[in-house]
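Below is one structure, written out as structure tokens; the observations come after it.
The values are calculated or read from the model by the stated rules, or taken from the named source; none is laboratory data. Keep in mind it's a predicted model, so treat the numbers as computed, not measured. Here the Cβ positions follow ideal geometry from the backbone for every residue, glycine too, while neighbour counts run over all protein chains shown.
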Amino acid sequence: METRTIRRDEAEEFLGLLCGVFRLDVSRASAVFFSEPLFDLSRKWALYQDGMMVSILTTSPLRFGWGRAIGIAGVATAQPHLGKGYATRLLTHVLERAEEDGEGPAMLFAHAEGLYRRLGFEAVDEVVRGELACAGPSETAEGMSNDEVLAQYGRWCERSLARFVRDDSAQARWSWNLRHCERMLGGYACIEPGQVREAWLPEAGERWPFARGTEWAGLTAVAREDKVPVQRPRHELIVMTRSFPLPPQMFMTDQF
């Protein structure tokens with residue numbers, strides 16, 4: 001049994017396993033997988049049994065106001081090898097390596113807690129989705145450049161050490177998605193069809209300036225602290241951390 005980061009000639013196999021487990025279209029996923037600005041083979045881990053890739057995951061470098069961490073995503077084990085403890089072995093190895101590299105705290109988004117609780121993770125928040133109380137689109141909203149958004153985000157981030165710091169690499173990943181943002185109510189919002197995953201409107205009232213039917217998707221801690229008027233929130237994901245000094249706060253536009 002071997003656990004290591006993958007080689008370039010193994011990237012297609014890694015992607016195939018990932019798409020097979022999560023039922024993704026390989027051709028569509030490939031365009032994103034290889035062009036993503038933070039594509040990094042040293043962050044893509046695999047466990048091999050008798051030379052066969054059987055379990056995989058990806059880590060992402062994260063920074064919060066209190067320091068460095070890793071995000072863990074895409075934990076997947078090939079169907080014939082489920083229930084043999086391979087994911088546990090892989091996660092254990094990666095967490096130990098992260099400690100050695102000075103980014104030991106870890107975070108992930110999960111549908112179920114079991115595997116991760118056994119490795120020391122705890123549920124600290126949840127991702128919810130729900131319709132916003134809306135007053136209709138603002139007629140005075142103005143578009144913003146990425147530099148302007150980064151400055152506004154910095155104002156939001158500095159309000160708590162628990163918040164995600166958008167350093168150069170995180171900003172590159174964020175910008176790669178070609179987000180359209182508008183200035184409004186003392187802050188800003190990222191505009192996406194039918195949903196809001198990033199917005200800071202410090203001068204907003206009980207209704208936000210979006211079309212009726214627009215939904216919020218985000219962490220409950222962020223919704224609470226920023227007074228997001230989300231109605232009848234529905235659970236989507238569990239936010240789990242290991243060795244975090246504070247429950248994380250971030251927008252889902254930065255989901256890894």
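One residue alone among Arg212, Arg224 is outside the structural domain of Phe39 (by TED's automatic domain parsing), more than 14 Å from Gln152 (Cα to Cα) and free of Cβ contacts under 8 Å to residues at least 60 places away in the same chain, and that residue is Arg224. Residue count for the range 119-147 under the criterion of being over 22 Å from the mean Cα position of the chain (by Cα) and either at pLDDT 95 or above or closer than 17 Å to Thr253 by Cβ (or both): the result is 5.
Those helices (runs of 4 or more DSSP H) of the range 143-256 in which 3 or more residues are out of contact with any helix residue (DSSP H, G or I) (no Cβ under 9 Å at 6 or more places or on another chain) and of a type in the set (D, E, K, R) occupy 146-157. In the condition set (1) hydroxyl-bearing (Ser, Thr, Tyr); (2) exposed (fewer than 13 other Cβ atoms within 10 Å of the Cβ); (3) assigned to a loop (DSSP other than H, G, I, E, B), Ser138 is compliant with all but (2).
State whether the residues of the range 107-117 include one that is surrounded by fewer than 20 Cβ atoms within 10 Å (Cβ to Cβ), free of Cβ contacts under 8 Å to residues at least 60 places away in the same chain and among the aliphatic types (A, V, I, L, M). Yes, the conditions are met somewhere in the range 107-117. Of the residues making up the range 35-72, those that are part of a strand (DSSP E or B), surrounded by fewer than 16 Cβ atoms within 10 Å (Cβ to Cβ) and touching a Phe, Trp or Tyr at 6+ places or on another chain (Cβ under 9 Å) are Gln49, Arg63.
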